[in-house]
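The values are calculated or read from the model by the stated rules, or taken from the named source; none is laboratory data. Since we're looking at a predicted model, the values are computed, not measured. Methodologically, a virtual Cβ is constructed for each residue, glycine included, from the backbone with ideal geometry; neighbour enumeration extends over all protein chains shown.
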Amino acid sequence: MGILAEEVNVKEVVVDVKLSGDIELDTAITVELKEEGIMRDLTRLVQDLRQGAKLLPKDKIALFLELPMEVTSAIQNREKMFSAEVGAKRIEYKKSTKFDAEIYSKFGDADIWIGLKKS
């Protein structure tokens, strides 16, 4: 079941022997799942920015974020974990003029800005 879950990008596969062989998918996206997706996408963006800035995994950063409120809330709910994953000593939720690397991107329909400075 683990391989199936990984292949279709789901957290859990449940087999109900009472079903007539049809496949039924529960496509409800919970707040928790949405936040996990946001965190995964932002982590990838920050890691790509770190790589572009030629930082090593051991290098700590100050991270500056200009994001929509929904995305900011998702990060704040998991800030300790996010900081550890991207190597951030601190996170500021505002645009900065002092940074070593930056990226402008889209997150859904919203424009975002991410900047980082080696600490």
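Picking from residues in the range 72-103 that are basic (Lys, Arg) and closer than 28 Å to GLU32 by Cα, the one that is surrounded by the fewest Cβ atoms within 10 Å (Cβ to Cβ) is LYS80.
Checking the structure you have, find out if any residue of the range 26-45 is modelled with pLDDT under 90, farther than 30 Å from TRP113 by Cβ and not polar (S, T, N, Q). Yes, the range 26-45 contains a residue that is modelled with pLDDT under 90, farther than 30 Å from TRP113 by Cβ and not polar (S, T, N, Q). Applying the selection to the range 1-21, what residues are part of a loop (DSSP other than H, G, I, E, B) and more than 21 Å from GLU32 (Cα to Cα)? Those that are part of a loop (DSSP other than H, G, I, E, B) and more than 21 Å from GLU32 (Cα to Cα): MET1, VAL15, ASP16, VAL17, LYS18, LEU19, SER20, GLY21. Taking the range 42-71 as the range and being buried (at least 16 other Cβ atoms within 10 Å of the Cβ) and more than 10 Å from the chain's Cα centre (by Cα) as the test, the residues that pass are LEU49, ARG50, ALA53, LEU55, ILE61, ALA62, LEU63, PHE64, LEU65, GLU66, LEU67.
Residues checked against (1) part of a helix (DSSP H, G or I); (2) among the hydrophobic types (A, V, I, L, M, F, W, C); (3) farther than 21 Å from VAL10 by Cβ; (4) in contact (Cβ under 8 Å) with a residue 40 or more places away in the chain:
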site	(1), (2), (3), (4)
GLU24	no, no, no, no
ILE29	no, yes, no, no
LEU33	yes, yes, no, no
ARG44	yes, no, no, no
ASP48	yes, no, yes, yes
VAL71	yes, yes, yes, yes
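Across the range 104-119, what is the number of residues that are of a type in the set (Phe, Trp, Tyr) and exposed (fewer than 13 other Cβ atoms within 10 Å of the Cβ)? Break it down stepwise before answering.
Here is the first cut: in the range 104-119, the residues of a type in the set (Phe, Trp, Tyr) are 104, 107, 113.
With exposed (fewer than 13 other Cβ atoms within 10 Å of the Cβ) added as a condition, the list becomes 104.
Summing the residues that are of a type in the set (Phe, Trp, Tyr) and exposed (fewer than 13 other Cβ atoms within 10 Å of the Cβ) in the range 104-119 gives 1.
Are any residues in the range 88-119 out of contact with any helix residue (DSSP H, G or I) (no Cβ under 7 Å at 6 or more places or on another chain) and part of a loop (DSSP other than H, G, I, E, B), and if so, which ones? Correct list: LYS94, LYS95, SER96, THR97, LYS98, PHE99, ASP100, GLY108, ASP109, SER119.
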